[in-house]
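The values are calculated or read from the model by the stated rules, or taken from the named source; none is laboratory data. In this text the structure is predicted, and so the values were computed from the model without any measurement. Please note: Cβ atoms are built from the backbone with ideal geometry, for glycine as well, and neighbour counts cover all protein chains shown. When the accessible area is computed, the model is the full protein with side chains, heavy atoms only, and any ligands, DNA or RNA have been set aside. Shrake-Rupley method; radii C 1.70, N 1.55, O 1.52, S 1.80 Å.
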Amino acid sequence: MLDQISGFDLSTLTWSEVTVTSILDFVGTFAFAISGIRLASTKQMDWFGAYVLGVTTAVGGGTLRDLFLGATPFWMLQPSYLIITFVALLYVYIFRKILIRTAPTVFIFDAIGLGLFMVVGVDKTLAMGFPSWVAVIMGTVTGSFGGLLRDIILNVTPLICRQDIYALACIAGGVIYTLMLRFVPIDTVYAQLISAGMVILIRILAVHYHWHLPQLKGIDSSN
């Protein structure tokens, strides 16, 4: 099963790299699924609707990435992602009272998924022979587009379209990751963890300190 993680060949990686890649992938899936299911609960969705939204959030970005790269969508190669999302559904149900009392949980899980999936997306793109700049874009797609689909389904303005530092956090983390792989003599596992941590940290700091890009003002056609 490990040689099919996210749908790309891991045979050239060391055992520790394979293990960390699989952990990042599965934890990211769990985190994003929870963020989607938690938001579904605020819209009074039933179990099936919440599960669908969780799956969409968890695999949406990676599916779009694979379509761009000409690969079979990763979740079609093994059922673990659907199973993890179901576990996330049970988790939200069992701990729903705690999650309701702790409002920032959706944001925290979303930030974790954002960072971890960025690394997975960059790794897969590089493994398929694409250049670093494509890997950064695909890492950003992997990290941020599941949340985009989630917000569209819930009929709210997607985070990626707001002033929030969201996709830019993925871009920054992707650039850091590819530069570390190219120029810094560091184990790939540490580069993965540092880069994912940077995305999560940037996202948390941006929300805490209200960092955002300048707003694009509307054009007054009467002038």
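Okay, here's what the table says:
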| read-out | value |
| --- | --- |
| Heavy atoms of Ile98: accessible area, 1.4 Å probe, square angstrom to 10 | 80 |
| Over the chain: helical MRE at 222 nm, DSSP H runs n ≥ 4 each giving -39500 (n - 2.57), nearest 500 | -24000 deg cm²/dmol |
| Ranked by how many other beta carbons lie within 10 Å on average, peptides 175-187, 135-147, 74-86 from highest | 135-147, 74-86, 175-187 |
| Region 80-151: C-alpha gyration tensor shape, a/c 1.5 cut-off, then a/b vs b/c | prolate |
| Cα-based shape type of the chain, given that a ≥ b ≥ c are square roots of the gyration tensor eigenvalues and the cut on a/c is 1.5 | oblate |
| Extended-chain gain in nm, criterion 0.36 nm per residue less alpha-carbon gap, Asp187 and Gln78 | 36.4 nm |
| Segments 191-197, 89-95, 111-117 sorted - mean Cβ within 10 Å per residue, highest first | 111-117, 191-197, 89-95 |
| Cα-based reach from Lys97 at 17 Å (exclusive), listing lysines while leaving out same-chain residues under 8 positions away | Lys43 |
